[in-house]
Amino acid sequence: MRLLKYALVLPVLVALPLVGGVTGAPSAPRDSFQESQDVRVRHARFWRPNSQSTLVEVIVGLRVGAGAADAASAPRVELVVTDAAGQEIHRSSWVDTISATVRQVARNEGSVELAEQLRVALLPGTYDFHVMMDTPAGKDSTATRVEAFEEGPLLSDVLVSGGIRILDSGERPSGAELVKGDYAIEAGARVVLLPTRSELWYYLELYSPEGSEPVETRLDFRVEPAAGSGASVELERRILLASPGAVDAAKLDLTGMPPGDYRLVVTATAGERMDRRSVGFNIGAFGTGPVVAQAGPPRGALTEPQLYDRYFAPAALDSTQVSQLVQALAVAPPGPSIDRSMLGLDTEAQRRFLARYFSRMDLGPATPEHELYEEFSDRVAFVEREYGERDIGRPGIHTDRGRIYMRYGPPDERLLLPVTQNRGVEAWRYTRDRSRKYVFLDETGFHHYNLIYAEDPNEQTLPDWEQRVGDRDVVNEIRSF
């Protein structure tokens, strides 16, 4: 069976309410990968000290067989979460759209697998996740048990993957990736390495109680056959663990290991504290690796024709607004980057392109609105109104303030400082996700603000920015802002 990952669609994250369960000492964690014939589920647990809860990343894999000849064969999936007493905590269902591409790959390869991602917060206790799939060809189901942490652990579960990368500032992940902090992790219900791609990537978190002193922590890694004994790979890694914790993400080179099922065992030791986690993966033979293809839109999302009629038809947008939207996508896309050739299309072609682009990115498919598009279009309108330099014919999206606003939204803090009677400085700070500061200077007195200073590795600070400001008191205020 081949593995199919969403290539252009953003991951669907279902945030369940924080729920309680029966507390007690958790038993030894199970291997988080279980499977039936047609549906698989994998999970990894992470501690959240602020809420004293366990965040569970869940990946559901659905097998699409070669008989998926038309859209009517799209699987209906139901997720039920129960506590230790068997009480139902949550129930949800969805239908996975199977595109023509997916059906063709299934016919060629015998089957493919669609991966769905969910995120759940749990109070201490024991929970069962039941996943059921219903198609015209039949039904299948599987379950996995989750032991939510009773108190802060030393070590999270370990996420393994065929690839991990660091997201650039403002970059969005693809639908095939699960995001943890700045890391985009290839997601699938099963991790399969190949002889030609034999690096096993891992992501884990370490936790240190508030106020505790930094301590050297040893991480011991063992790769061993899932059945039998004897380690194939052993290595050690040391990090300095300080409150509130640390992240470790790296790769293990498993070149030369024979095909088969394996598990990665990680042991963390920090002073008198010790935790151990294990996770399964597979090394396949040639021709058994993942297939990446484009899937259909997320379940429940507005279709491309519906989006066109609602947002992009001539009755909804004039040609100037259409052009502004496409220009904004070229400068600060909310998802995948676009080819700049789209700027040269005629207006009707641009309308169709916009509907197609946003049909792949409906983050709130349970609602009748397309929240991401509406936020994006509101920013475009604001930037054009507030930052457009009409006297020189420069659209707002092509100004420095407009570009930064499109990428990050309104700043959390803003500082306005006069330099002379006609010239001024505007400084912005963002504090929500990470500390960023941008400083714009009106050098001409005509309200044309240019970026001169930025605490952002993706933006350039002018080497002579202090001389351009020309006022030492203003420079000091900028530095202390």
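Readers should treat all values here as calculations from the given coordinates under stated rules, not as data from a laboratory. Just so we're clear, the structure is a prediction, and the values are computed from it rather than from any experiment. With ideal geometry, Cβ positions are generated from the backbone for all residues, glycine too; neighbour counts draw on all protein chains shown.
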Seminar exercise, completed: The set of residues whose placed amide H lies less than 5 Å from the amide H of Ala84, leaving out same-chain residues fewer than 5 positions away, is Val22, Thr126
Exercise. What FRET efficiency comes out for the pair Arg356/Arg197, r = Cβ-Cβ distance, R0 = 35 Å, nearest 0.05?
Worked result: 0.65
Problem set entry | Computed label-point distance, nm, for sites Glu455 and Gln421 using a 7 Å Cα→Cβ extension | 3.5 nm
For this session: Report the full-extension gain for the segment Ser337 to Arg119: residue separation times 0.36 nm, less the Cα-Cα distance, to one decimal in nm.
Result: 75.8 nm
Exercise. Given +1 on the Cβ of Lys and Arg, -1 on the Cβ of Asp and Glu, and no further charges, what dipole in debye does region 304-480 carry about its Cα centre, rounded to the nearest 20?
Worked result: 220 debye
Seminar exercise, completed: For the Phe481, Ala227 Cβ pair and Förster radius 45 Å, calculated FRET efficiency rounded to 0.05 is 0.15
Problem set entry | Sequence-distant residues sharing a close amide H with Thr461 (under 5 Å, placed H) | Ala454
Seminar exercise, completed: Once Ile166 and Gln52 are pulled to full extension, the length gained, defined as 0.36 nm per residue separation minus their Cα-Cα distance, is 38.3 nm
Exercise. Residue separation times 0.36 nm, minus the C-alpha to C-alpha distance between Glu88 and Phe446: what's the value?
Worked result: 122.5 nm
